[in-house]
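J.: Dumping the structure here so I can ask a few things about it.
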Amino acid sequence: AKRYPNFGFMSAFHRFPYEAEEIAYIAAKLGLDFKNPNFTAAMMWETAANGIDPDAFLKPAARVGYTYISIGGNDATQGVLEVDRGLSMIQGMYSQAHPTMLKFHGDAIAAGHRYGMKVGFCGDGINKEPKLFRHLIRSGIDSVSPSPGMVNKLRIQAAELEAEMLGVDLEEYQ
C-alpha cells in the first residue's frame, strides 16, 4: 500500500466469518496493510450467510481493518432468492426490490455503519427498480454504482429524497 497509495482491495463471496481474517493475513504477506488509513479494504456482501448473521462477519472484518462493504445486488439476489436472472422462465421472480432483498440490503447498511464501515451498492437494480434506489437512500447507503446513463437521474432523485427526509425545500436553493 505504501508504493500504491491509491490502491484498494475487495474480497468476494464470504461464506464463513473467519475468511476476513485469513484474507487479511494473506494480504499482509503480500505487503497490503488493511489497517493503513490510506488503504481501503472492502468486502463484497452477497451471500445469504452475510444477511443471516451480519455481526458474525463484520466483527472480525472490522478487527482486521476492513472499512467498506459493497452489497453485490445481482449475486445477492440470485443467491438469497435462488432465482437465476438469466433464465427466462422464472426471470419475473427476480427482483432486487423483493421484500426479502430490501431487508437484506437495509440490514447490511445498518450493520456496516455499526462497525464504522462505509457501505456501497453495485448492481443494475438501482437503474431499473426505483423502489430499490429509494430504499437504499432511506437506509443510509454511502455510495451506489449506477450505469453511466443513469448517473444524473439518480443523483437528482437522491437529492430530492434526502431533502424530503431532512424537511428541506429544494425550491429555495434553485
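J.: Being open to solvent by 30 Å² or more (accessible area, probe 1.4 Å), at pLDDT 95 or above and more than 18 Å from Ile109 (Cβ to Cβ), is that true of even one residue in region 53-63?
T.: Yes - at least one qualifying residue is present in region 53-63.
J.: Is it true that some residue in region 124-139 is over 19 Å from Gln78 (Cα atoms) and of a type in the set (Val, Ile, Thr)?
T.: yes
J.: Hey, can you tell me all the residues within region 68-101 that are open to solvent by 60 Å² or more (accessible area, probe 1.4 Å) and of a type outside the set (D, E, K, R)?
T.: Applying the first criterion (open to solvent by 60 Å² or more (accessible area, probe 1.4 Å)) to region 68-101 yields 75, 82, 84-89, 91-93, 98-100.
Across region 68-101, the qualifying residues are Gly86, Leu87, Ser88, Met89, Gln91, Gly92, Met93, His98, Pro99, Thr100.
J.: What's the total number of residues in region 42-72 that are out of contact with any strand residue (DSSP E or B) (no Cβ under 8 Å at 6 or more places or on another chain) and in contact (Cβ under 8 Å) with a residue 60 or more places away in the chain?
T.: 0
J.: Of all the helices (runs of 4 or more DSSP H) wholly in region 6-69, which have at least 2 residues that are over 24 Å from Thr100 (Cβ atoms) and among the polar types (S, T, N, Q)? Give the steps one after another, and end with the answer.
T.: Working: elements: 19-29, 48-52, 54-64.
In region 6-69, there are no helices (runs of 4 or more DSSP H) which contain 2 or more residues that are over 24 Å from Thr100 (Cβ atoms) and among the polar types (S, T, N, Q).
J.: Let me ask something else. Tell me, please, whether a residue that is over 23 Å from Leu161 (Cα atoms) and aromatic (Phe, Trp, Tyr) can be found in region 89-110.
T.: Let us first name the residues in region 89-110 that are over 23 Å from Leu161 (Cα atoms), namely 89-94.
Within this subset, residues satisfying the condition of being aromatic (Phe, Trp, Tyr) are 94.
Checked region 89-110: at least one residue is over 23 Å from Leu161 (Cα atoms) and aromatic (Phe, Trp, Tyr).
J.: Taking the conditions exactly as written (open to solvent by 20 Å² or more (accessible area, probe 1.4 Å) and closer than 26 Å to Phe7 by Cβ), does His135 satisfy them or not? Lay out the reasoning, then the answer.
T.: Values: open to solvent by 20 Å² or more (accessible area, probe 1.4 Å): yes; closer than 26 Å to Phe7 by Cβ: no.
The answer is no for His135.
J.: Can you confirm whether Ala110 is surrounded by fewer than 16 Cβ atoms within 10 Å (Cβ to Cβ) and either at pLDDT 95 or above or closer than 15 Å to Ser11 by Cα (or both)?
T.: Details: surrounded by fewer than 16 Cβ atoms within 10 Å (Cβ to Cβ): yes; either at pLDDT 95 or above or closer than 15 Å to Ser11 by Cα (or both): yes.
Judged against the criteria, Ala110 is a match.
J.: Still on this structure, I have one more. Quick check on region 1-52: of everything there that is touching a Gly at 6+ places or on another chain (Cβ under 6 Å) and open to solvent by 60 Å² or more (accessible area, probe 1.4 Å), which residue is modelled with the highest pLDDT?
T.: Ranking the candidates gives Thr40 first.
J.: Pairs, please: C-beta under 6 Å, at least 6 apart or cross-chain, first residue touching a residue at least 24 places away in the same chain (Cβ under 8 Å) and farther than 20 Å from Pro60 by Cβ and in region 99-114, second of a type in the set (S, T, N, Q) and outside any helix (DSSP H, G or I)?
T.: none
The values are calculated or read from the model by the stated rules, or taken from the named source; none is laboratory data. Values in this document were obtained by computation on a predicted structure and should not be read as measured data. All Cβ positions, even for glycine, are placed from backbone atoms using ideal geometry, and neighbour counts span all protein chains on display. Each accessible area value is taken on the protein alone, full model and side chains, heavy atoms only, with ligands, DNA and RNA left out. Shrake-Rupley method; radii C 1.70, N 1.55, O 1.52, S 1.80 Å.
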